[in-house]
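For reference, the structure discussed in these notes is given below.
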Amino acid sequence: MNTLRQIAFITTILITTFSCKEVNTSGASKAINLKDVYKENFYIGVAVNENQILENDSLEATRIENEFNSITAENIMKSMFIHPVKDSFDFKLTDKFVALGEKNNMFIHGHTLIWHSQLSPWFTEIKDSTEMANAMEHHIKTIVGRYKGKINSWDVVNEALNEDGTLRKTVFLDVLGEDYLPLAFKWAFEADANTKLYYNDYNMTNEEKRKGAIRMIKRIQEKGIKVDGIGMQGHWGLEKPSIEDIEKSILDYASLGVKVAITELDINVLPSPWDLVGADVNQNFEGSKKMNPYPKNLPDSIQTKFANRYQDIFKLFLKHQDKISRVTFWGVNDGQSWLNDWPIKGRTNYPLLFDRELKPKAAYDSIIALKLKYKSN
Ligand code: XIL
């Protein structure tokens, strides 16, 4: 163990002993929670699903309220839900989502306006460029306009890039050409000039994709259109991407004059089908023991590795806190994570800070301990 880890480990034991209570000099105790510990650094966000928006589970609602100061809707703002048919929007759940954020005084993030996935089917039927431009403008302005002054930032465009940095073939690109990107940002700005506008994508640490993202953002900026930030989806593993690659990406994106948000953080502890040459993703490995090695619980050795990985990542985030606006976890607890069903259905994954009983895991303690140690430096 290096010194940092030793101190972190001891602090962790102290925190655990005091069961998440910090004793101050007057002898009174106050609860320790993530959002307050990182208050001066960046927002600590969480993606919420329908159950969580409706506060169906009171312990979970308390966790969300106490530990996080920013929320993102995991699914309900995607076009197939919010704008299911061309002439009508469904704002029932999104209004509740925004009300939850307001009730808890949170930074509210909108996810997402223009995305090829979970896309309303009617978008795919449009073949004419004027019709597509009108449809996109109406979609963006209606949604952003409704929550003007309430939703603090938006993923305006999600996942527009291929792995080699070229533009992904989507209905938007096909019908409108490359201009759909600057136009989307322009329309969002026109609907709410004060909300922060982000481009969001995964594998943003890969060199070719990173270069493509930078080219794309520069082209938008050169037209005089505002982009406030880059969202790096943090769907990461225990080893990859390396801290060096994450750091290089944060620095490169920040050099565009924008903020960086880590938008969808979860650390996958299960084997990836893509690491196996010739693996047939959904069929061959579904239900196989090899691909679902921890159906009951996570071995201590992996739990420690997982906690250390979160600590290393947060150490980097603290180092670059001036460039980072928000770190959002993609879910509250392991039991509800999308990674139990993706890319292989029905596995048992452990990617988040709270376990299936909503108890904080060692990883939670490790990032609290890191910050307490960082503060005392
Ligand atoms: C995922 C949700 O977590 C799942 O519930 C849903 O079935 C599919 O989408 N990138 C994104 C997120 O931008 O919206 C995705 O969320 C995960 C990958």
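The values are calculated or read from the model by the stated rules, or taken from the named source; none is laboratory data. Remember, predicted model here, so these are calculated numbers, not experimental data. Positions of Cβ are generated from backbone atoms using ideal geometry, with glycine treated the same way; all protein chains shown enter the neighbour counts. Note: accessible area is taken over every heavy atom of the protein model, side chains too, but ligands, DNA and RNA are not part of it. Shrake-Rupley method; radii C 1.70, N 1.55, O 1.52, S 1.80 Å.
Identify all residues within segment 314-340 that are away from the ligand (no atom under 16 Å from the Cβ) and surrounded by fewer than 20 Cβ atoms within 10 Å (Cβ to Cβ); write none if there are none. If the condition is that a residue be away from the ligand (no atom under 16 Å from the Cβ) and surrounded by fewer than 20 Cβ atoms within 10 Å (Cβ to Cβ), then Lys315, Leu316, Leu318, Lys319, His320, Gln321, Asp322, Lys323 are the ones that fit. Taken as a whole, the structure places Ala61 among residues that are crowded, with 16+ Cβ neighbours inside 10 Å and of a type outside the set (S, T, N, Q).
Count of segment 130-150 residues, restricted to those that are open to solvent by 40 Å² or more (accessible area, probe 1.4 Å) and either assigned to a loop (DSSP other than H, G, I, E, B) or within 16 Å of the ligand (Cβ to nearest atom) (or both), is 3. Checking the stated criteria, Phe189 turns out not to satisfy the condition of being touching a helix residue (DSSP H, G or I) at 6+ places or on another chain (Cβ under 7 Å) and touching a residue at least 12 places away in the same chain (Cβ under 8 Å). Only one entry in Glu163, Glu178 is open to solvent by 10 Å² or more (accessible area, probe 1.4 Å), outside any helix (DSSP H, G or I), within 16 Å of the ligand (Cβ to nearest atom) and among the charged types (D, E, K, R), namely Glu163.
Out of Lys96, Lys127, one residue alone is open to solvent by 50 Å² or more (accessible area, probe 1.4 Å), outside any helix (DSSP H, G or I), of a type outside the set (S, T, N, Q) and away from the ligand (no atom under 16 Å from the Cβ). It is Lys127.
Can you tell me which residue is nearest to the ligand (Cβ to nearest atom) among those in segment 73-90 that are assigned to a loop (DSSP other than H, G, I, E, B) and open to solvent by 30 Å² or more (accessible area, probe 1.4 Å)?
Filtering first and then ranking leaves Asn75.
Looking across segment 151-160, the residues that are touching a helix residue (DSSP H, G or I) at 6+ places or on another chain (Cβ under 8 Å) and not in a loop (DSSP other than H, G, I, E, B) come down to Trp154, Val156, Val157.
If you check Glu207, Glu264, which single one turns out to be farther than 22 Å from Lys148 by Cα, open to solvent by 20 Å² or more (accessible area, probe 1.4 Å) and at pLDDT 95 or above?
Only one candidate qualifies: Glu207.
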